[in-house]
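Report on the following structure.
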Amino acid sequence: MTETKEIEGFPYLSYSPAEFSDVQILERAKAFYQAMDSRRSVREFSSEPIAKEVIEQLILTASSAPSGAHKQPWTFCVVSDPELKKQIREAAEEEEYRSYNGRMSEEWLKDLAPLGTDWRKPFLEKAPYLIVVFKRVYELEPAGPKHQNYYVNESVGLACGFLLAAIHQAGLVSLTHTPSPMSFLTQLLKRPENERPFLLIPVSKPAKEIWVPDIKRKSISEMSTWY
Ligand code: IYR
């Protein structure tokens, strides 16, 4: 049963996370790793529709992430309108064309080669939903002062991580697309001045045939140091 009390004038709730045995904790840690390790970024999408309610649930999961001073400095713009998706694709491809043909260094292009990316982004029209995540640098009171948010990149990055996990867990696929520069999203989606585009995440059911690069994740010893 949840109890309530005041601490230094603020309301608190008692919180009792589920408890497990050491054996169960290891099993659960392994099972979750297996589930998450089977996630891949994809570039082939299905155009099959997905219920709006599903996307709402995914966004609620994303928004359960921790954030600096609990400011929840994020806005999730969900695009399913075909005309708007087309405009986003055209604007993204224009920027990406320039990136792939001059703005990116030789080394960067070489690093991307095994991933099979290029300036073409047909998935921006094909996927039934694009979730465009905006970070809220500050909050605007109507005709009032600005209020700073804290650790905005960390907070929105965490929310995006939760979102990718939720998408995968639901049986859907996604890509963390980073069109650069991204300011066209502010204009096309008519976002207010306190918001900046953060990530563009197309979401769909798995396409019938998907090929992903044969890349390896770092081993525990390569990416952890224990003191
Ligand atoms: N923004 C480009 C390039 C690109 C960047 C990263 I980081 C990738 O992991 C893959 C591609 C694009 O989205 O194609």
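Condition check for G116 on (1) open to solvent by 80 Å² or more (accessible area, probe 1.4 Å); (2) at pLDDT below 95: one failure, at (1). Give the residue that is least open to solvent (accessible area, probe 1.4 Å), with candidates limited to residues of the range 157-207 that are within 23 Å of E95 (Cα to Cα), in a loop (DSSP other than H, G, I, E, B) and hydrophobic (A, V, I, L, M, F, W, C). It comes out as L175. Those residues that are exposed (fewer than 10 other Cβ atoms within 10 Å of the Cβ) and in contact (Cβ under 8 Å) with a residue 24 or more places away in the chain, I need them from the range 212-227; list them, please. Hits for the range 212-227 are I215, R217. Among the residues of the range 15-42, those identified as of a type in the set (K, R) and either modelled with pLDDT under 95 or open to solvent by 90 Å² or more (accessible area, probe 1.4 Å) (or both) are R28, K30. When A92 is tested against (1) open to solvent by 20 Å² or more (accessible area, probe 1.4 Å); (2) near the ligand (Cβ under 10 Å from one of its atoms); (3) closer than 24 Å to L163 by Cα, exactly one condition is not met: (1).
Select from the range 119-153 the residues that are exposed (fewer than 14 other Cβ atoms within 10 Å of the Cβ) and touching a helix residue (DSSP H, G or I) at 6+ places or on another chain (Cβ under 7 Å) and list them in ascending order. Walk me through it before giving the result.
Just the residues of the range 119-153 that are exposed (fewer than 14 other Cβ atoms within 10 Å of the Cβ), to begin with: 122, 141-148, 150, 153.
If the condition is that a residue be exposed (fewer than 14 other Cβ atoms within 10 Å of the Cβ) and touching a helix residue (DSSP H, G or I) at 6+ places or on another chain (Cβ under 7 Å), then Y150 is the only one that fits.
For the range 208-227, a residue qualifies if it is in a loop (DSSP other than H, G, I, E, B) and either under 18 Å from L175 (Cα atoms) or small (G, A, S) (or both), and the qualifying residues are K208, E209, I210, W211, V212, P213, D214, I215, K216, R217, S219, S224.
Suppose we keep only residues that are among the small types (G, A, S) and under 16 Å from V78 (Cα atoms) within the range 152-211. Which one would you say is farthest from the ligand (Cβ to nearest atom)? Before you say what the answer is, go through the steps one by one.
The first filter runs over the range 152-211 and keeps only residues among the small types (G, A, S), leaving 155, 157, 159, 161, 165-166, 170-171, 174, 180, 183, 204, 207.
Retained after the next criterion (residues that are under 16 Å from V78 (Cα atoms)): 159, 166, 174, 204.
Numbers: A159: 18, A166: 20, S174: 13, S204: 17 Å.
For the range 152-211, the residue satisfying everything is A166.
Of the residues making up the range 71-88, those that are within 16 Å of P179 (Cα to Cα) and open to solvent by 60 Å² or more (accessible area, probe 1.4 Å) are K86, Q87.
Determine which member of the set V133, V137 is in contact with a Cys (Cβ under 7 Å, 6 or more places away or on another chain) and among the aliphatic types (A, V, I, L, M). Write out each step before concluding.
Values: V137 fails: in contact with a Cys (Cβ under 7 Å, 6 or more places away or on another chain).
Step by step, each of V133, V137 is checked, and only V133 is in contact with a Cys (Cβ under 7 Å, 6 or more places away or on another chain) and among the aliphatic types (A, V, I, L, M).
The values are calculated or read from the model by the stated rules, or taken from the named source; none is laboratory data. Because the structure is predicted, anything quoted here is derived from the model rather than measured. Here Cβ is always computed from backbone atoms with ideal geometry, including for glycine, and neighbour counts include all displayed protein chains. In case anyone asks, the SASA skips ligands and DNA or RNA and just uses the protein heavy atoms, side chains included. Shrake-Rupley method; radii C 1.70, N 1.55, O 1.52, S 1.80 Å.
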